[in-house]
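All remarks here apply to the structure that follows.
Read-outs throughout are calculated quantities, based only on the coordinates presented, and are distinct from any laboratory measurement. These figures come from a predicted structure and were not determined experimentally. With ideal geometry, Cβ positions are generated from the backbone for all residues, glycine too; neighbour counts draw on all protein chains shown.
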Amino acid sequence: MDSRLTPEHEALRKTVASFAQDVVAPVIGDYYMRGEFPYPLVAQMAQMGLFGLPFPEEYGGMGGDYTALCVAIEELARVDSSLAITLEAGVSLGAMPIYRFGSDELKAEWLPKLTSGQMLGAFGLTEPGAGSDAGGTQTTAVLDGEEWVINGTKAFITNSGTDITGLITVTAVTGEHNGRKEISSILVPSGTPGLTVAAPYKKVGWDASDTHEVNLVDVRVPASNLVGERGRGYAQFLSILDEGRIAIAALATGLSQGCVDESVKYAHEREAFGRPIGANQGLQFQISDMAVRAHMSRLVWRDAAGRMERGEPFKQQAAIAKLYTSEAAMDNARAATQVHGGYGFMLEYPVGRFYRDAKILEIGEGTSEVQRMLIARDLGLPDA
């Protein structure tokens, strides 16, 4: 496996890194502490074409690949995870289901707006009583003539309540087949009567990102808003989550690398007992271990992305990448906070935000326990 970036990917990496360091870093802390969505920064990301990276030009995309998206996500997350998850969710959860499974009409209507960043899309899978057990979906959709009538509640939905949110694709039970729930995916445009977005969550981290509960009461949308085949919604979102785990792994890698960057910088600047704290071998070892975790994280997500793009099986590698990188990010955030001492506990310092942002990486888009379950299943171990 060659983990090196192509010249095109490296040029993209440098461009996004410059944007993150020069434009995002000076202002994102203020957005974070106010819990405010950074519209000007998202608009600049749109102008850079980041929301269209893995989509073909016929739909307004940049004609790139999934690795390009992950490279951009990693570089953003080295500075801030809120912007990184806004991009990740907007692409892999908002636009990708339509691109992978939507009709030609849905693609033509929605993808150009999503790939341009003019509009954000969201994906409504999780419910108050159905997280890891996504098959426990309670939201229903009943076909009434030429319309779906949808009722239910979705929880923890990223990008669902911004001023530029244009749609939420929701999973819903559309019937039964051989005694099992038939789950389908249906596109619901923002502003549809009966669709209500609750107040923003008060989160532990990702405070400059947008996350809400979404309620649907007798929401009516055209029957043609079905995304993919009826009854294939469960299989579709499992496929989408496999891809998304690689992007989350790239985000976790960026956070891990950001912890290294900040710790190296602080180890040079901070003096104690008459010398820089970086001169202490114990601290050198600690930061070296952080660098190892960041490097290995980068290798596993690039391996998974490469397999996906070559058309090879990648489910196990995506789960490994998500599991390893998220736990490595948590370890690096903890270590970086320790290196910074009391300052690491302050939100004015990036590592304070990294520490708060790291935990959700072990939960969102499949918990660490779910990843272990998927890996065990792929290894052929007996069912529990």
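Applying the criteria of a DSSP loop state and at most 13 other Cβ atoms within 10 Å to the chymotrypsin sites (Phe, Trp or Tyr not before Pro) of segment 233-297 yields 273.
For segment 200-243, the dipole from Cβ point charges (+1 on Lys and Arg, -1 on Asp and Glu) about the Cα centre works out to 160 debye, to the nearest 20. Give the label of the value calculated from the structure for Cα extents along the principal axes in Å, choosing from [x] 78, 49, 40; [y] 80, 54, 40; [z] 65, 52, 39. It is the value labelled [x].
Separation of segment 1-80 and segment 200-257 by C-alpha centroid, Å? A separation of 19 Å, based on Cα centres.
For segment 136-228, how big is Rg over Rh, using alpha carbon atoms and the Kirkwood form of Rh?
Working: Rg = 13.9 Å, Rh = 13.8 Å.
That ratio equals 1.00.
Seen from residue 278, the other residues with C-beta closer than 15 Å to its C-beta sum to a net charge of -2, counting Lys and Arg as +1 and Asp and Glu as -1. Considering only 48, 114, 26, and ranking their Cα positions along the charge dipole of segment 7-120 that arises from unit charges at the beta-carbon of Lys, Arg, Asp and Glu, the one farthest toward the positive end is 26. Seen against the Cα atoms of the chain and their longest principal axis, helix 281-309 is set at about 30 degrees.
The C-alpha atoms of the chain define a longest principal axis, and helix 66-77 lies at about 50 degrees to it. Here the chain is treated with +1 on each Lys and Arg Cβ and -1 on each Asp and Glu Cβ, and its dipole about the Cα centre works out to around 760 debye. Which log10 I(q)/I(0) values does segment 235-378 give at q = 0.13, 0.15, 0.18, 0.20 Å⁻¹ under the Debye formula, counting every alpha carbon as one identical point scatterer? Those come out to -0.58, -0.72, -0.92, -1.06, one per q. In percent, rounded to a whole number, the relative contact order of segment 121-231 is 31, using alpha-carbon pairs under 8 Å and six or more apart.
Rounded to the nearest 20, the size of the Cβ-charge dipole of segment 226-326 about its Cα centre is 220 debye, with Lys and Arg at +1 and Asp and Glu at -1.
I need to check one value: relative contact order of the chain, counting alpha carbon pairs closer than 8 Å and at least 6 residues apart, in percent.
Once divided by the residue count of the chain, the mean separation gives 16 percent.
A DSSP coil position with no more than 15 other Cβ atoms inside 10 Å describes the following trypsin sites (Lys or Arg not before Pro) in segment 286-340: 310. Taking GluC sites (Glu not before Pro) in DSSP loop states with no more than 16 other Cβ atoms inside 10 Å as exposed sites, the chain has its longest site-free stretch at 230-347.
Which residue, 250, 199, 95, tops the fluctuation ranking in a GNM of the chain built on C-alpha contacts under 10 Å? In the Gaussian network model the winner is 199.
Of the listed pairs 203/322; 14/113; 154/265, which have alpha-carbon separations greater than 30 Å here? Too far apart for the 30 Å limit: 154/265.
Please give the net charge around residue 202, taking every other residue with its beta carbon less than 14 angstrom from that of residue 202, where Lys and Arg add +1 and Asp and Glu add -1. Each step should come with its number before you reach the end.
Values: positive: 34, 203, 356; negative: 36, 207, 210, 213.
Once positives and negatives cancel, what remains is -1.
Using the rule -39500 (n - 2.57) for each DSSP H run of four or more residues, divided by the residues of the chain, the 222 nm mean residue ellipticity is -15500 deg cm²/dmol.
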